[in-house]
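These notes concern the structure reproduced below.
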Amino acid sequence: MALADPGPSGRFGDFGGRFVPETLVPACQDLEKAFRAAWGDPEFHSELDRLLHDYAGRPSPLSDCDRLSEELGVRVLLKREDLNHTGSHKINNVLGQALLARRMGKKRLVAETGAGQHGVASATAAALMGMECVVYMGEVDIARQALNVFRMQLLGAEVRPAMSGSRTLKDAINEAMRDWVATVETTHYCLGSVMGPHPYPWMVREFHSVIGTEARAQCDERLGGPPDIVTACVGGGSNAIGIFSGFVDTDADLVGVEPAGGAAVGRGVPGVVHGSKSFLLQDEWGQVSEATSISAGLDYPGVGPEHSHLATIGRARYESVTDAEVVEAFSLLSRTEGIIPALEPAHALAWVSRDRAELAGKTVLINMSGRGDKDVAEMMEILG
Amino acid sequence: MSRATAPLSVAWDSADIPVRPAAHGALEQALRAGRDHGRKLLVPYVTGGLAVDGGDWLDNVRAVVDAGADAVEIGIPFSDPVMDGPVIQEASEVALAAGASPATILDDLRRADVGVPLAVMTYYNVAYHMGHERFAASLADSGVSAAILPDLPFEEVGPWATAADAAGVETVLLAAPTAPDERLPMVCARSRGFVYAVGLLGVTGERDALASSALDIARRLVAVTDTPVLVGVGISDAAQAVEVCSVADGVVVGSALVRRLLAGEGPAGAAAFIGSIRSALDASVD
Ligand SMILES: Cc1ncc(COP(=O)(O)O)c(C=O)c1O
């Protein structure tokens, strides 16, 4: 199989769709049209490829982890999205969306951010292209990712706190959508994961498919074929779908790793929030639950609709790990490989490390979606 | 390296959106009757379960009915109200914290007889999670005539509308200033009860002056539909209501009322505020 175009209804099986206020429907339709046109236009691709190469530093390397592999008894390779400009995979999507916004004549970007990586990437693209940028961020996340808040401000963006609900990613998305409802004629909503209303889950996946495409070619060269397992952390699921996209048509197992306190696929039921139908943590009345995770980027009660579809058809499976297991993995990678991971991809490693007996002798490709600089202050307190 | 070129544009297949039933429901009958009598229609929004000083929230509903409401919109609070500004967000949080749920609100309504048609306003996940049939049946069973689901646009309304139509519940659709001309007749043709004209680009909340977009969208809608057109979102006082009703058939008033309820003005304050709009609207058509 290949990951499909979800068509005009934006459906991945039963999931997806476009559940937005009427005010936003024409903007979503226009965006879909603009993306379809751009994605079929060689000119757009060459512009984007040039930026990804000259500005973001792609292709990102594939690193073998000799000492870690020996310690775990599992051969681990990392797709090094942490080495991209701005420090995570988020830049792939943002450069694509910013180019698209420019094509559509929009001069203002709004974005939500959890860990701040998508906010930093958005602020970066806005600076690069001379656009205005407003980033909504939950009050709780502003406190725990202070470094990224300052980076965004340095880059010329305005960071606005989301003060309602759990004051994390979910609430930042609410605020970004409210902003967009009021400013849709001049503003592009630069959504940071494979979620939201159609065409976002599909468009963001396509912008991140470069991860999978590169990794597949690198694995072919390094391993002579795909690894046994491809794994990535899942918040909304953009870095995961990006790397999965290169391997869905192989025999590799695809494993998404969610935080135990935000395991939408693992423990959610279908629901509709933030524009699409997907697995969602909610109470008996359909009120959305508040997720809890050490990682601001994964602290979200929902998940992108295509992950719900992949889980339902059995093409991918989803594991969850605890905060304590993540902290351990954070230290493990730092100590054995000299790579300080972001807390988000540390989830994927935490799963590999915990289940190493089951994975013994296998080859596992982990999407190292970001670097840990932003998390060092928080980890100083925890590891002291 | 597959970057398949997708087809440029594919038309939406609206085959699974049921045609609006020919018969009008209780809400639309009442609003049409009011309009036929030359009355401008007034629909206040009250957050269900919101009782600031420990009173009965239904007293707020009764008060606005006594003050001249033609129908009442009852908000079933949702955790993530993306179409709502700070006032209705706060009211939703207060009501949820006090234990309000779809069940408690609908139970309360079942026992009340407020004398005018009711429409619930909530977000789609509340209906989806309960199940379309069950939610529609529980509205009908509680004497609620209509439902307004602001995050369920025309293209996605099919499965819900099918269940609502079968249960005799009217689904009110919203029409926004951003809609191109060709979209409005399609939305109007599926809307029951009334057409909810979104008065401005933005979420619910009070504004100092009537947005010019309110008159524009009302004009565009009355030109293409015979269904009553009510403007909501941003209508903040009697003068704005009168101004927009020079074109529209009526108004929905939400945040301006809910702010007073949050401030503890209670049923008396609600009645005074809605009464002032009622008098101004009546005076404007004399
Ligand atoms: C490094 C990193 N990885 C992963 C994520 C989670 O997003 P997604 O699940 O869309 O990849 C984030 C989000 O902030 C992040 O910063």
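Any read-out appearing in this document is the output of simple, stated calculations on the displayed coordinates, not a laboratory observation. Computed from a predicted model, the values in this text were never measured in an experiment. Backbone-built Cβ (ideal geometry, glycine too); neighbour counts: all protein chains shown.
Any idea which of B:VAL252, B:LEU230, B:VAL82 is furthest toward the positive side of the dipole for chain B, if Lys and Arg beta-carbons carry +1 and Asp and Glu beta-carbons -1? In chain B, that residue is B:LEU230. Over chain A, Cα pairs under 8 Å with separation of 6+ residues give a relative contact order of 21 percent.
Exposure proxy for A:CYS233, A:CYS28: other Cβ atoms within 10 Å of each Cβ, ordered fewest to most, give A:CYS28, A:CYS233.
Counting only DSSP H runs of at least 4 residues, each contributing -39500 (n - 2.57), and dividing by the residue count of chain B, the helix-based mean residue ellipticity at 222 nm comes to -13000 deg cm²/dmol. Spin-label model, A:LEU128 to B:ALA272: label points 7 Å out along the Cα-to-beta-carbon direction sit 5.8 nm apart. Full extension of the segment from A:ALA2 to A:THR292, taken as 0.36 nm per residue of separation minus the current Cα-Cα distance, would add 101.1 nm.
For the cross-link pairs A:LYS79/A:LYS106; A:LYS107/A:LYS374; A:LYS107/A:LYS170; A:LYS33/A:LYS107; A:LYS170/A:LYS277, the ones whose C-alpha atoms lie over 23 Å apart are A:LYS79/A:LYS106; A:LYS107/A:LYS374; A:LYS107/A:LYS170.
Of all the options B:ALA22, B:ALA167, B:ALA272, the one that moves most in a Gaussian network model of chain B with Cα springs shorter than 10 angstrom is B:ALA22. Quick check: Cα centre of segment A:212-285 to Cα centre of segment B:99-118, how many Å? Rounded to whole Å, the Cα centres lie 43 Å apart. If the viscosity is 0.890 mPa s and the temperature 25 °C, what translational diffusion coefficient in µm²/s does Stokes-Einstein give for segment A:11-61 when Rh comes from Kirkwood over Cα pairs? Here the translational diffusion coefficient equals 182 µm²/s. Taking max minus min of the alpha-carbon positions on each principal axis, segment A:1-99 gives extents of 54, 35, 26 Å, largest first. Among B:VAL258, B:VAL222, B:VAL169, the largest mean-square fluctuation in a Gaussian network model of chain B (Cα springs under 10 Å) belongs to B:VAL222. Computed over the alpha carbons of segment A:89-131, Rg followed by Dmax gives 9.5, 29 Å. Please give me the summed charge of the neighbours of A:VAL272: other residues whose Cβ is under 15 Å from its Cβ, Lys and Arg +1, Asp and Glu -1. It works out to a net charge of -2. About its Cα centre, the dipole of segment B:40-285 is roughly 260 debye, where the only charges are +1 on Lys and Arg Cβ and -1 on Asp and Glu Cβ. Entry for segment B:40-285 at q = 0.17, 0.18 Å⁻¹: log10 I(q)/I(0) = -1.32, -1.49, Debye formula applied to identical alpha-carbon scatterers, no solvent contribution.
Taking a point 7 Å from the Cα of B:ASP181 along the Cα-to-Cβ direction, none of the residues of segment B:191-215 has its backbone N closer than 16 Å to it. About its Cα centre, the protein assembly as shown has a charge dipole of approximately 960 debye under the convention of +1 per Lys or Arg Cβ and -1 per Asp or Glu Cβ, with nothing else charged.
Centre-to-centre, using Cα atoms only, segment A:42-111 and segment A:144-173 are separated by 22 Å. Ranking A:VAL120, A:ALA34, B:ASN60 by Cα position along the charge dipole of the protein assembly as shown, where only Lys, Arg, Asp and Glu carry charges on their C-beta atoms, puts A:ALA34 farthest toward the positive end. Taking a straight line from the alpha carbon of B:LYS40, these aspartates and glutamates sit under 12 Å away, with near neighbours fewer than eight places off in the same chain left out: B:ASP70, B:GLU243, B:ASP249, B:ASP282, B:ASP286. Coupling constants for segment B:197-213 follow from the phi torsions by the Karplus curve (6.51 cos²θ - 1.76 cosθ + 1.60, θ = phi - 60°), and in residue order they are 7, 6, x, 7, 7, x, 9, 4, x, 6, 10, 5, 9, 5, 6, 4, 5 Hz; glycine and proline get x. Which one of A:LEU83, B:LEU106, B:ALA140 is farthest out on the positive end of the charge dipole of the protein assembly as shown, using unit charges on Cβ (Lys, Arg +1; Asp, Glu -1) and the Cα centre as origin? Going by the Cα projections, it comes out as A:LEU83. Taking segment B:229-265 and a reference point 7 angstrom along Cα→Cβ of B:ALA98, the backbone N atoms nearer than 19 Å belong to B:254-265.
Residues whose amide H lies under 5 Å from that of A:VAL76, counting only those 5 or more places away or on a different chain, are A:CYS65, A:SER69, A:VAL364; hydrogens are built 1.01 Å from N in the peptide plane. Only Cα pairs under 8 Å and 6+ residues apart enter the sum, and on that basis the relative contact order of chain B stands at 24 percent.
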